[in-house]
Amino acid sequence: MFNIKKASAAALAVVTLASIAACGSSGSSQGQQADSVAQIKKSGTIRIATFGDLPPYGYVKNDGTRAGYDVALGTQIAKDLGVKIKWVQVNADGRVDSLKSNKVDMVLANFTVTDERKQVVDFASPYMKVSIGVVSPKKAVISDASQLNGKELAVTKGTTAEAFFTEKYPDASLQKFDSKTQQFQAFKDGRVAALADDNTYLYAWAKDNPSFTVGIKNIGDESTIAPGIRKGNTDLLKWTNDEIKKLTADGFFDKAYETELAPSFTSDIKPDDVIIK
């Protein structure tokens, strides 16, 4: 026998589920579009994550303003979008989370492209080349990775240097730090024998600290640095790819190299060592 009450209840359940599904779909769609190029322009602001303690790439000057190669790129991107920038300072291990949690629209923080990161972040076209390097005191130079066996090596959490030495040189004792500042302070204090980081950064640091030298200029595969975009945000990704292509053709990166990087590097480092043509 047909039960009217049961049928009505079933129909109501179907309607309720459909409504919930529709709301969920709408919310997801709105979330995906919240940081589209059109929405960024409408809001008048782009949120960009960067470092505050990594000269000459992203750092805060004594007067409180931001400077560096990544900062110059972010400033140009905002200009071409016709919006203001909200800088969001991050540590190395906070770059991915800043995107996933929608705290930023883009990461410009010396962000090395890796297969692991590609699983959770979309990378735009790269704008810089980089490898891992190792710096050590001139009085006790580390010129080969095998010399690190049984010695303490400083790395920053969430970096390619940490991942590389964890996998390839397990006999090195890694001391892991939350920030670049902590990492280099421990190194200068003599608490570790050496420090591993991006070679392009170490070249600049060693110039400012002449009692140290980059004994291993590159180790592992050459990598690239690229803007990080939230996974699935194809609209901003396409715009950024077009922007990198345009800026490369206009010579922006050559000019930014001369103003932001060249003064910090030793004379043996050339633009082609860093810039992607």
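The values are calculated or read from the model by the stated rules, or taken from the named source; none is laboratory data. If you're wondering where the values come from, they're calculated on a predicted model, not measured in any experiment. Don't worry about glycine lacking a Cβ; one is built from the backbone with ideal geometry, like all the others, and counts go over all protein chains shown. Each accessible area value is taken on the protein alone, full model and side chains, heavy atoms only, with ligands, DNA and RNA left out. Shrake-Rupley method; radii C 1.70, N 1.55, O 1.52, S 1.80 Å.
General remarks:
- Residue count for the range 130-141, restricted to those that are surrounded by fewer than 23 Cβ atoms within 10 Å (Cβ to Cβ) and more than 21 Å from Ala109 (Cα to Cα): 5.
- The criterion of being closer than 30 Å to Ile40 by Cβ, modelled with pLDDT of 95 or more and aliphatic (A, V, I, L, M) does not hold for Leu153.
- Evaluation of Asn91 against (1) under 15 Å from the mean Cα position of the chain (by Cα); (2) farther than 17 Å from Ser43 by Cβ; (3) open to solvent by less than 60 Å² (accessible area, probe 1.4 Å) (one fails), failing number: (3)
- Whichever residue in the range 228-277 is of a type in the set (Gly, Ala, Ser) and touching a Leu at 6+ places or on another chain (Cβ under 8 Å) and, among such residues, is surrounded by the most Cβ atoms within 10 Å (Cβ to Cβ): Gly228
- Only residues that are closer than 20 Å to Ala206 by Cβ and assigned to a helix (DSSP H, G or I) were counted across the range 259-271, and they come to 6.
- Those residues of the range 180-211 which are touching a helix residue (DSSP H, G or I) at 6+ places or on another chain (Cβ under 6 Å) and either among the charged types (D, E, K, R) or surrounded by 23 or more Cβ atoms within 10 Å (Cβ to Cβ) (or both), in sequence order: Leu195, Ala196, Asp197
- In the range 87-102, residue farthest from Val37 (Cα to Cα) [restricted to those that are in a loop (DSSP other than H, G, I, E, B) and out of contact with any strand residue (DSSP E or B) (no Cβ under 6 Å at 6 or more places or on another chain)]: Asn91
- With a requirement of 2 or more residues that are over 19 Å from Phe265 (Cα atoms) and in contact (Cβ under 8 Å) with a residue 40 or more places away in the chain, the strands (runs of 3 or more DSSP E) lying completely within the range 148-251 that satisfy it span 152-156, 212-225, 228-230.
- Enumeration of residues in the range 30-68 that are more than 21 Å from Phe184 (Cα to Cα), crowded, with 18+ Cβ neighbours inside 10 Å and either among the aromatic types (Phe, Trp, Tyr) or modelled with pLDDT under 95 (or both): Asp35
- Screening Gly150 against (1) open to solvent by 40 Å² or more (accessible area, probe 1.4 Å); (2) at negative phi leaves a single unmet condition, (2).
- Yes/no for Ile132 being over 29 Å from Leu73 (Cα atoms) and either in a loop (DSSP other than H, G, I, E, B) or not hydroxyl-bearing (Ser, Thr, Tyr) (or both): no
- Residue list for the range 100-113, filter: over 24 Å from Glu260 (Cβ atoms) and in contact (Cβ under 8 Å) with a residue 60 or more places away in the chain: Lys100, Asn102
Okay, residues lined up against (1) closer than 30 Å to Thr248 by Cα; (2) among the charged types (D, E, K, R):
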site	(1), (2)
Asp122	yes, yes
Met128	yes, no
Lys138	no, yes
Val141	no, no
Ala145	no, no
Leu153	no, no
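Residues checked against (1) closer than 17 Å to Ala172 by Cα; (2) small (Gly, Ala, Ser):
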| position | (1), (2) |
| --- | --- |
| Ala124 | no, yes |
| Tyr127 | no, no |
| Val135 | yes, no |
| Lys138 | no, no |
| Asp144 | yes, no |
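- Residue within the range 103-118 that is open to solvent by 30 Å² or more (accessible area, probe 1.4 Å), among the acidic types (Asp, Glu) and either at pLDDT 95 or above or over 23 Å from the mean Cα position of the chain (by Cα) (or both) present: no
- Of the candidates Asp235, Asp273, Asp221, Asp254, the single residue that is of a type in the set (D, E, K, R) and within 25 Å of Asp105 (Cβ to Cβ) is Asp235.
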